[in-house]
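Okay, structure first, notes after.
Any read-out appearing in this document is the output of simple, stated calculations on the displayed coordinates, not a laboratory observation. Since the model is a prediction, treat every value here as computed from it, not as a measurement. With ideal geometry, Cβ positions are generated from the backbone for all residues, glycine too; neighbour counts draw on all protein chains shown.
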Amino acid sequence: MIKIMVLLSALSFAPVTASALHPDPGTDPLHIYFLDVGQGDAMILHQPGLCAALIDAGPLIHGHRVTEKLQELGITGLDVVIISHPHLDHFGGLFDLSSRVAFDQLYDNGRTNQTKEYFSDYEKIRRKQPYSVISGGENITCGDIKLEVLNPAAVLQDEQDLNASSLVLMISFNNFKLLQMGDLAGSAEQSFLKNNTDLSADVIKIAHHGAADATSDELLDRVQPKLAIISTSEDNWINAPSQEVLNRLGKKRIPYFRTDRHKTIRLEVSKSGQFLSSHGSEDDN
């Protein structure tokens, strides 16, 4: 894959100082990959020698891309796998991954999805290795990476709304923060904003693939991100990313990458929290 290094200041609608973009030389950085898996989510966190984690595994049809990327990176085992919620475009890739890459611990939000095919197969994977349910207020540490669970609460009023129960994670690496919004949308986003105070982060993974029912002005004002990532495909039934969300990002001068156009997106974060980004060309698969 051809990698094109891109400074955020070249993408932003407002100047960003170069000192905030480049990892310090001589440190061991954190590598974050937002994978191009079509209509779905998959993100790798890799601090070589200390942590290899996967948040969501993409859909059934493109799950092999997750396995192939891990193999390309020389990752033969995962310390942590987190599935944000039981929709197929988030857990489907595990069917390829689980037979080819070992992982030490699987986490999800404990919700069921009996109305959709393949969930029973996902349950079989859960039973084959250490598995735990996580909810708001819990923390996971992997190497120097801290994953703080901000959503869902332990008890939900509507357990049938799987997007509302999506795990939301604040990922911290020293001074760097990334807010992973899963598919949190609609009224659940408003409840989330009421229940969480400090949401400031350097990067936000936009919820629900950029659909219009998520990513309100209030959320963006609270997060104040330097960069937004949208994981989506060119053709999808929810018309994501919506023009409304893109307009909100533009109005607030927040640069963004989207996997349907920029393919796999990579962030390199230094131990001081400075970061730079790169992405594949539009001709890459």
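Roughly how big is the chain's charge dipole about its Cα centre, with Cβ charges of +1 (Lys, Arg) and -1 (Asp, Glu), in debye to the nearest 20?
Numbers: 25 positive and 37 negative charges, 92 e Å.
Dipole size: approximately 440 debye.
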Practice problem: Taking H placed 1.01 Å from N in the peptide plane, check which residues at least 5 places from Cys142 or on another chain put their amide H under 5 Å from its amide H. | Solution: Leu147
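Report the convex hull volume per residue for the chain, counting only C-alpha atoms, in Å³. Write down the numbers at each step before the final one.
Working: hull volume 34.3 nm³, N = 285.
It comes to 120 Å³ per residue, whole-number rounded.
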Self-check item: 3J(HN,Hα) from dihedral phi, the stretch 58-63, Karplus parametrisation 6.51/-1.76/1.60, rounded to Hz, x for glycine, proline
Solution: x, x, 4, 5, 10, x
Practice problem: Check cross-link reach from Lys128 to the lysines: straight Cα distance under 29 Å, and skip same-chain residues fewer than eight apart. | Solution: Lys69, Lys116, Lys146
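Helix-only mean residue ellipticity at 222 nm, the chain, DSSP H runs n ≥ 4 weighted -39,500 (n - 2.57), per residue, nearest 500. What is it? List each step's numbers first, then the result.
Details: 9 runs with 59 residues, N = 285.
Here the helix-only value at 222 nm equals -5000 deg cm²/dmol.
Among Thr197, Thr67, what is the fewest-to-most ranking by other Cβ atoms within 10 Å? The partial results should precede the final answer.
Values: Thr197 8, Thr67 20.
Ascending number of Cβ neighbours within 10 Å: Thr197, Thr67.
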Quiz item: Rounded, prolate or oblate: which fits the stretch 87-199 when a ≥ b ≥ c are the square roots of the eigenvalues of the alpha-carbon gyration tensor, with rounded for a/c under 1.5 and prolate only if a/b beats b/c?
Solution: oblate
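Please work out how much length the chain gains when fully extended from Glu68 to Glu268, using 0.36 nm per residue of separation minus the C-alpha to C-alpha distance, in nm with one decimal.
My answer for the length gained is 70.0 nm.
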Self-check item: Contact order relative to length of the chain, as percent, for alpha carbon pairs under 8 angstrom and 6 or more apart
Solution: 23 percent
Practice problem: Give me the distance between the Cα centres of the stretch 124-146 and the stretch 89-121, rounded to whole Å. | Solution: 13 Å
Quiz item: Out of residues 5 or more away from Leu78 or on other chains, whose amide H comes under 5 Å of its own, with H placed 1.01 Å from N in the peptide plane?
Solution: Ala102, Phe103, Asp104
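Using a Förster radius of 22 Å, what is the FRET efficiency between Asn174 and Gln129 based on their Cβ-Cβ separation? Nearest 0.05, please. Before the final figure, lay out each step's value.
Details: r = 30 Å, r/R0 = 1.36.
Efficiency computed from Cβ-Cβ geometry: 0.15.
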Exercise. With a/c under 1.5 counting as rounded, go ahead and sort the stretch 99-150 into rounded, prolate or oblate using the C-alpha gyration tensor (a ≥ b ≥ c being the square roots of the eigenvalues; past the cut-off, prolate if a/b is larger than b/c, else oblate).
Key: oblate
Exercise. Give the shape of the stretch 172-285 as rounded, prolate or oblate, defined through the alpha-carbon gyration tensor: a ≥ b ≥ c are the square roots of its eigenvalues, a/c under 1.5 means rounded, and otherwise the shape is prolate if a/b is larger than b/c and oblate if not.
Key: oblate
Quiz item: Of Gly136, Gly250, Gly58, which has the largest mean-square fluctuation in a 10 Å C-alpha GNM of the chain?
Solution: Gly250
Exercise. Determine the sum of side-chain charges near Tyr107: Lys and Arg each +1, Asp and Glu each -1, restricted to other residues whose C-beta is under 12 angstrom from that of Tyr107.
Key: -4
Exercise. Treating cross-link reach as a plain straight distance, find the aspartates and glutamates whose alpha-carbon is under 12 Å from the alpha-carbon of Lys252, omitting any fewer than eight places away in the same chain.
Key: Asp217, Glu218, Asp221
Self-check item: ³J(HN,Hα), Karplus 6.51/-1.76/1.60, whole Hz, each residue of the stretch 272-280, x for Gly, Pro
Solution: 8, x, 6, 8, 10, 10, 8, 8, x
Practice problem: Enumerate the amide H contacts of Leu184 below 5 Å, restricted to partners 5 or more residues apart or on another chain; note that Pro and chain-start residues carry no placed amide H. | Solution: His208
Self-check item: In range of the label at Gln224: residues from the stretch 255-274 whose backbone nitrogen is under 16 Å from the point 7 Å along Cα→Cβ
Solution: 255
Quiz prompt | Integer Hz, Karplus 6.51/-1.76/1.60 couplings in order for the stretch 245-256, x for Gly and Pro | solution = 5, 4, 5, 5, 4, x, 4, 8, 6, 9, x, 8
Quiz item: Which of Gly137, Gly182, Gly210 moves most in a GNM of the chain, Cα contacts under 10 Å?
Solution: Gly137
